[in-house]
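Before any comments, here is the structure.
The values are calculated or read from the model by the stated rules, or taken from the named source; none is laboratory data. In this text the structure is predicted, and so the values were computed from the model without any measurement. Please note: Cβ atoms are built from the backbone with ideal geometry, for glycine as well, and neighbour counts cover all protein chains shown.
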Amino acid sequence: MTAHVHVAGPVFSETALEQLRGALHLYVSSSDEARHETLRHALERLRTEAHAQRLGPEKMLIAVKMAWARVPGIERADHTRTEVAFERVVELCIAAYYGEPQ
């Protein structure tokens, strides 16, 4: 049985949240192009769970924002760079929610 974490209403699996946290950490700590694919996969998994529970996109955004705040070292990173990166992550999150499963 999979453990679940309660995130402001919706329940996302711990596995999905862990994958998201890892992808966000890679996204901000690396310039490797694979970071985009890793993040896309994590957001697709979150989307699948959100759709299965009939959750709106705001629930995914809350989970992403909470995971972002826990990225190691994010508070010490360049503010302008992280702001731009976070805006991009939000765009990707919304696109993942409304996009077609791949």
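I'm trying to understand the selection: among the residues of region 61-82, which are of a type in the set (D, E, K, R) and under 15 Å from the mean Cα position of the chain (by Cα)? Quick ask: steps written out before the conclusion?
Taking region 61-82 as the starting set, the residues that turn out to be of a type in the set (D, E, K, R) are 65, 70, 75-76, 78, 81.
65, 70, listed by residue number.
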Give the residues of region 31-72 that are hydroxyl-bearing (Ser, Thr, Tyr) and under 14 Å from residue 89 (Cβ atoms), sorted by residue number. 38
Could you give me the residue pairs with C-beta distances under 6 Å whose first residue belongs to region 33-44 and is within 18 Å of residue 60 (Cα to Cα), whose second residue is small (Gly, Ala, Ser) wherever it lies, and which are 6+ apart or on separate chains? 38/23; 39/23; 42/23; 43/96; 44/96
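Please find, among 55, 26, 17, the residue that is surrounded by 13 or more Cβ atoms within 10 Å (Cβ to Cβ), in contact with a Lys or Arg (Cβ under 8 Å, 6 or more places away or on another chain) and of a type in the set (A, V, I, L, M, F, W, C).
When all the criteria are applied, what remains is 26.
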Search result, residues across region 1-27 that are in a helix (DSSP H, G or I) and either modelled with pLDDT under 90 or among the acidic types (Asp, Glu) (or both): 14, 18
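Against the condition surrounded by fewer than 20 Cβ atoms within 10 Å (Cβ to Cβ) and in contact (Cβ under 8 Å) with a residue 24 or more places away in the chain, how does residue 73 come out, does it pass?
On the way: surrounded by fewer than 20 Cβ atoms within 10 Å (Cβ to Cβ): yes; in contact (Cβ under 8 Å) with a residue 24 or more places away in the chain: yes.
Yes: the conditions hold for residue 73.
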